């Protein structure tokens, strides 16, 4: 796995490009590796079938296989068929639930080192029985990485009041919302720059925390909602633009993408999320307290990365909870999507001794981050980092170390040519 400080160099133009022979050799090696792993899966499928049959005995069951791992749909289908075949060898027949004496729910999940397959067996009114097997995972480091990405920052607005979050509103003219502790400033883009216009006051009966954080969320039935600790504000859905704020314990949305659909409760007197989730990440309804979260969509599930209050990076997929103790990121992370790459990337902050933070892009081909961009040095410490409304970019706010001014920028990734 490349280290977070990995630097990628451009190819020497005098060096010949890889030949098609090399390409076909790599493809053959990859196919042989996949065949070897398919053989391992059949062995593990038989082990799981034997454990299931030892509990159910010969008879009729219904079976459901859910893939919550990074295995492809084709690979999970191979495992399912191998499992059914092995059960048949043990005298267990598979029929519809209304014809079966019991049901078996199999979940294909994974840890950092292994694929983990869990079968929950339900027979009658008895408590369900659970059996588990594991299968070794291929070494992902043997697979070459795609071309690196370049991380760009585009300056948006700056102001002396702390900026908690910004949101871009497309239209004519383009507008930008900047959330602070006392107001939401509305900027309009004219003559190539952002011009401050209307401001919407935020009223709070209770004092706000000193280390304040906030969030702006665009809505479909009205323009936006704004969240601060213990406070929620809602914009009007008609002109003129107005804002209504009230005490609220409602959870904050964690992700713009509808596929995420997860919100989390923010501690009303602190600067972090408590860990209570709504509706949850799959079966997981709670997490360790965390500062920020990023979602990486997979084929069969969503992988959530949480920057924990404990200084650890936590991975949750709806079933498994893993901790990456050796990864040392800052407390601010956000997910983005580079247009030239499949899947999503995670932007993570890191601090330096001189107080100048940096941000870098990572991907999760398995369950460990791989750096895919250079470090982008910033002009001060990061005050906020959130995924932008379109899900493709992120907004970052820093406090300039020289001027003390808060500066908001848009972060995006492009492919290195």
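Just checking the listed ones, 297, 173, 365: in the Gaussian network model of the chain with Cα springs under 10 Å, the one fluctuating most is 173.
Straightening the chain between residue 201 and residue 90 buys 32.9 nm, computed as 0.36 nm per residue apart minus the Cα-Cα spacing. Placing pseudo-labels 7 Å out from each Cα toward the beta carbon at residue 283 and residue 77 gives an inter-label distance of 2.6 nm. The long axis of helix 73-89 is offset from the longest Cα principal axis of the chain by roughly 30 degrees. For the residues 394, 73, 351, a GNM of the chain with alpha-carbon springs under 10 Å puts the largest fluctuation on 73.
Using a Förster radius of 60 Å, what is the FRET efficiency between residue 154 and residue 103 based on their Cβ-Cβ separation? Nearest 0.05, please. Plugging the Cβ-Cβ distance into 1/(1 + (r/R0)^6) gives 0.65.
Between residue 403 and residue 114, residue separation times 0.36 nm minus the direct Cα-Cα distance comes to 99.0 nm. Here the label points at residue 182 and residue 222, each 7 Å from Cα along the C-beta direction, are separated by 2.4 nm in the simple model. What separates the Cα centres of segment 288-346 and segment 349-368 is a distance of 12 Å. Put a dot 7 Å past the Cα of residue 242, heading toward its Cβ, do the same for residue 310, and the two dots end up 4.8 nm apart. Taking each residue as 0.36 nm, the span from residue 191 to residue 130 lengthens on full extension beyond its C-alpha to C-alpha distance by 15.4 nm. Taking only Cα atoms, what is the 0 to 90° angle, nearest 10, from helix 20-56's long axis to the longest principal axis of the chain? For helix 20-56, the angle is close to 70 degrees.
Using the Cβ-Cβ distance between residue 54 and residue 249 with R0 set to 35 Å, the FRET efficiency works out to roughly 0.10. Globularity index of the chain is 1.15 (Cα radius of gyration / 2.2 N^0.38 Å, N = number of residues). Comparing mean-square fluctuations of 334, 119, 293 from a GNM of the chain with C-alpha springs under 10 Å, the top value falls on 119.
Here, each number is a calculation from the coordinates, and none is a lab measurement. Only a predicted model underlies this, so the values are computations on that prediction, with no experimental measurement involved. Cβ sites come from the backbone with ideal geometry, for glycine too, and all protein chains shown count toward neighbours.
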